[in-house]
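Comments concern the structure below.
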Amino acid sequence: MRTLLQDLRFSFRQFRKSPGFVITAILSLTLGIGATTAIFSVVYGVLLDPYPYKDNNRMVHVQLNDKNGRGPLLLVNGSGYKDLRSVPSLDDVFLQRSNQQNLTGDQIPVSVQVGLYSPNLFEYMGVATLLGREFTRADAPAGNAPPLAVLSYLFWQRQFGGNRDVLGKNIELDHQVYTVIGVVPPRFTWGDSDVYLPAFPTADPNELWLAFVKLKPGTKFPVAEAQFQALVDQFAKQNKNYPQDRKVKIVSLNEQVLGKFAGTLTLLFGAVLALLVIGCANVSILLLARGTARQHELAVRVSVGAGRSRLIRQLLTESVVLSVAGAALGVLVAYKGVAALASFLPYYSFPHEAAIHVNAAVLAFSAAVALLTGILFGVSPAWQLSRPQLGNLIQASNAKHTGSSHNRNTHRLLIAGQVALTLVLLAAAGAAMRAFVARIHTPLGFEPDHVISLNIGFPKGANPTWEARLNANELVRKTVTEAPGVDTASVSTTWFPGFGGFTAKAEVQGKPSLTDAQAMLCLVSPQEFLTLRIPLLAGRVFDETETLRAAHFAVVNQSFVKQFIGDGDPIGQSVRSPMLKVEQPSLLLASSPDDWLQIIGVVGDARNDGLDRPIKPAIFLPYSFVLPPDEALLVRATGNTDVVLRAIKERLRQLNPEMVAGNTHTLMWYLQTQGWGQERFIATLFSLFAVLALALAATGLYSVVSFAVTQRTQEVGIRMALGAPRASIIRLVLASTGTMLGFGLAIGLGLSVALNSVVVSWARGSSRDPLTLLASAMLLLLVAVAACVVPAWRAATIDPMRALRTE
């Protein structure tokens, strides 16, 4: 311990003699460790510990995939729930159904996301409430759900100001009274519900609830998939409304939410580790340069009896102290940066339960990184400098010494490694940026600017008949259209969010060979195409009168014509979808909705299946065919969308004080979060890492060249005294870095090409693109030359007489 304190005191004395070296080294480590800590905070919160639920590693999603590998999660009704619990691999299961309800009573009407859950929800999750208690099976004897409510933390804060007296109070949801018995912790956000209510499904085959299962310990996914497949096939035979011809796929909880974004975060973590390695290389270069200048001191210590292990320990102590200081500052930077980084994460790309902050685990990681990097960048200089060449040093007349060729080779290797890693980051950043630019310039087929999406919640029981509800829909649409700043408004129950409608089998009259044809069914009002500015290419669209009577007319897109009709005239032909007859009868207004629909118009293609997949054939039909309980609108504004939205809400309050507008977002918000949010996140972070890597690599080059100039001062003076021009001196200095730059660029190009498949998969762009590689290499070369020019120019301006007197 005493020796350690002596080493620490000596280290601080040495640092006071070289403040420039200390500041440069600590800043290099601060950037590397700070960025690494910030990204690890995201990785830990999103990948390693995303859920606060008990045994979440056994919680899985049971997907019912179609032939395209997509589909809903497992669905059951009341009778199916009993069959589900008999699956051998099942440990536990709860059911969920969500809807929008209005907070009524004395409160100002607010749209609330209500989750209906089987009473065993909290027992399944294993999470205690923050306040009060949760509902349990004991609260619902004989399957009778009581009027109890548990509030989410955010809803409690937003609606009740975090008042702890909320327990025991009543809230009204659609005029039904519930007693608040608890508030869940902040990280309990399952289903993004505002209010959790106990409920049970009925045996009605049309009332299907989502089922979330927990497998027994040690259960293999293929075994469970076979068991659930048999059950799903049974459900499909018993209930024609159940999804047909589905293949069961079991995925882990996080895999279903994250998808490829998990790989993206892993790639970003690898990129930030490369940045940390570049920072460590910088400090190692500085230590070697500074150690060469200290060789007289080290030689004196050896001559008076210091052993090699003692010198190595002293030098490693100095490097670890630098690393700890860099880590401390890096953690402070991460504290400020993690919140901004978390807010920048694509909204739908990570579990909302994830707690992204610098916690104890992240601090332990930072401490380990500090210790490891201190040893990593310090061990090579310590090993080389701990054996000073006493004979050469004693004969030298000055503290200046050229250093060993081994040291110079180490400098070259470190610089070459920095250049290679920096080029890899630049190429990845360029690839990600190209992918982002390509994504935001993807032709949409519609104009999203100044378009608002909103849902209108009708008061419960306000429209008892379907005719009344249809008239109410039209009244609301016209009222919204009359609001100041509104250009057009359209009822659009299936177009947004998510772009598309629901995929269904489609038939074209006279074409029996189209047995597997599928199309998007989009239920809209005739103003849809004007609101979204989708061009009409042929024929016409159905009008308001035809909408009110659910006329059997349809409008199709270009993709539908190309795939199913070909060169023939689509106008006048007929299509139908068997899917329409399996919808809940209580939602139907039109009679025989699965009868033939006459095609009366063709519109341009518009993105209906995300931005990364081809446009699907689409059939647009009057929304009155299947009338949902609430109303969804798309509104085109002529001015500021926030101002227009306030005007719309005011008009709705005037129409009916209990009418609530919820889920209000612009289409640009949907595009930025669901469309290109991940590409923007990836491109931004890779670009940031590349810029930091450039700065660190430039610092390392500057340090090496400056040190080389200092060590060769006498040589430069002799050359200039003999008549060498300044240009030749500059070329001499630059030539000394040319080999390591060329070597580093070659390795970097090779790594960029080799890692292309990873970048394509997780960064959405190609690092093998010749233009990207050329631009990255040229930028790196330009920065490298700029970093070398300053010390080279300084060497060319040395006074020859002063240089000759340096020894």
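Values in this text are rule-based calculations from the coordinates and carry no lab data. No experiment lies behind these values; they were computed from the predicted model shown. Neighbour counts run over all protein chains shown; Cβ positions are idealised from the backbone, glycine included.
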Low-density loop trypsin sites (Lys or Arg not before Pro), the stretch 20-85, at most 16 other Cβ within 10 Å, DSSP non-H/G/I/E/B, are Lys54, Lys67, Arg70, Arg85
Starting from the Cα of Lys237, draw a straight line to each of the lysines and keep only those under 27 Å, dropping any in the same chain fewer than 8 residues away. Lys67, Lys82, Lys214, Lys220, Lys247, Lys249, Lys505, Lys581
Taking a crude spin-label model, label points 7 Å out from Cα along the C-beta direction, the Met668 to Glu255 distance in nm is 3.9 nm
Please report, ordered by residue number, every helix of the chain (full DSSP H runs) that is 27 Å or longer along its axis going by C-alpha atoms and whose mean Kyte-Doolittle hydropathy reaches -0.5. 19-43, 261-293, 308-344, 360-385, 405-440, 677-711, 726-754, 770-796
I'd like the chymotrypsin sites (Phe, Trp or Tyr not before Pro) in the stretch 322-358 restricted to DSSP loop residues with at most 15 other Cβ atoms within 10 Å, sorted by number. Tyr347, Tyr348
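Compare the peptides 454-460, 362-368 by average per-residue count of other Cβ atoms within 10 angstrom and give them in order, highest first. Walk me through the numbers on the way to the answer.
Details: 454-460: 19.9, 362-368: 16.1.
Put in order of decreasing packing, that is 454-460, 362-368.
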Helix-derived mean residue ellipticity, 222 nm - over the chain, DSSP H n ≥ 4, -39500 (n - 2.57), to 500: -16000 deg cm²/dmol
Convex hull over the alpha-carbon atoms of the stretch 454-547: what's its volume per residue in Å³? 159 Å³
Using a cut-off of 15 Å between beta-carbons, work out the net charge of the residues near Leu345 (Lys and Arg +1, Asp and Glu -1, Leu345 not included). 0
Once you wrap a convex hull around the alpha carbon atoms of the stretch 593-677, what is its projected area averaged over all directions, in nm²? 8.4 nm²
List the trypsin sites (Lys or Arg not before Pro) within the stretch 478-545 that fall in a DSSP loop (any state other than H, G, I, E or B) and whose Cβ has at most 13 other Cβ atoms within 10 Å. Arg540
